[in-house]
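What follows is a single structure, written as structure tokens, with notes after it.
The values are calculated or read from the model by the stated rules, or taken from the named source; none is laboratory data. Because the structure is predicted, anything quoted here is derived from the model rather than measured. Virtual Cβ from ideal backbone geometry, glycine too; neighbours counted across all protein chains shown.
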């Protein structure tokens, strides 16, 4: 894979957690490249290292050893403050539980990532409205999460994830709390986001039906890439 087009370049990632006198090896030399605009599923049984890898790729954590470049920038050795800046600019997150602010409107929830940037208030509002329109919620911008269905809440979360135009969007079990129909609608929407916004999607899932939407599946087992 050409390094110029790779948005994710991970080399020999390890992660070791200390639990008292015990050392838990969550990742054991994981290497991975993901091209810009690619849709990749990460699968594996419980305890395989999926969540640990997601946290590192999403700049929520650093590896014990190995290197990780996100959009051409080495992030594996960054201090916490700088890592937080990169995470806010380069990564969008979609979670199983939506993680929306319950008392904030859909518009305010989507604006949130832009509050930590240099965008003017008027520009933040315009971009948030555009993001909500792109997920089909133009008529719901003033609604709070408890006034929205589960599928609509996940659409708000997707709009929030893409509003800052990140290098990658990390989706952690994005259909896990939805019924089958809503789950299909969310996956189809994510595919539209990939095509229209050239969004690079990394989807953590245990569901083969979700993985079937992806161009490639990476399987983890015991902290290593199996395939």
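Things to note:
- Whichever residue in the stretch 77-98 is touching a residue at least 24 places away in the same chain (Cβ under 8 Å), assigned to a loop (DSSP other than H, G, I, E, B) and out of contact with any helix residue (DSSP H, G or I) (no Cβ under 7 Å at 6 or more places or on another chain) and, among such residues, is surrounded by the fewest Cβ atoms within 10 Å (Cβ to Cβ): 97
- For the stretch 4-31, the set of residues classified as in contact with a helix residue (DSSP H, G or I) (Cβ under 8 Å, 6 or more places away or on another chain) and under 18 Å from residue 73 (Cβ atoms) consists of 8, 9, 10, 13, listed by residue number.
- The strands (runs of 3 or more DSSP E) found wholly in the stretch 1-62 and carrying at least 1 residues that are farther than 29 Å from residue 193 by Cα occupy 6-19, 22-35.
- Positions within the stretch 175-212 being in a loop (DSSP other than H, G, I, E, B), in contact with a strand residue (DSSP E or B) (Cβ under 7 Å, 6 or more places away or on another chain) and crowded, with 18+ Cβ neighbours inside 10 Å, in sequence order: 199, 205
- Test result for residue 169, under 26 Å from residue 28 (Cα atoms) and out of contact with any helix residue (DSSP H, G or I) (no Cβ under 8 Å at 6 or more places or on another chain): no
- Boolean, residue 35 is at pLDDT 95 or above, closer than 19 Å to residue 202 by Cβ and under 16 Å from the mean Cα position of the chain (by Cα): yes
- The single condition among (1) surrounded by fewer than 24 Cβ atoms within 10 Å (Cβ to Cβ); (2) in contact with a helix residue (DSSP H, G or I) (Cβ under 6 Å, 6 or more places away or on another chain) that residue 156 does not satisfy is (1).
- The residue list 41, 10 contains one member that is without any contact (Cβ under 8 Å) to a residue 60 or more places away in the chain, closer than 23 Å to residue 203 by Cβ and either loosely packed, with under 12 Cβ neighbours inside 10 Å or touching a strand residue (DSSP E or B) at 6+ places or on another chain (Cβ under 6 Å) (or both), which is 10.
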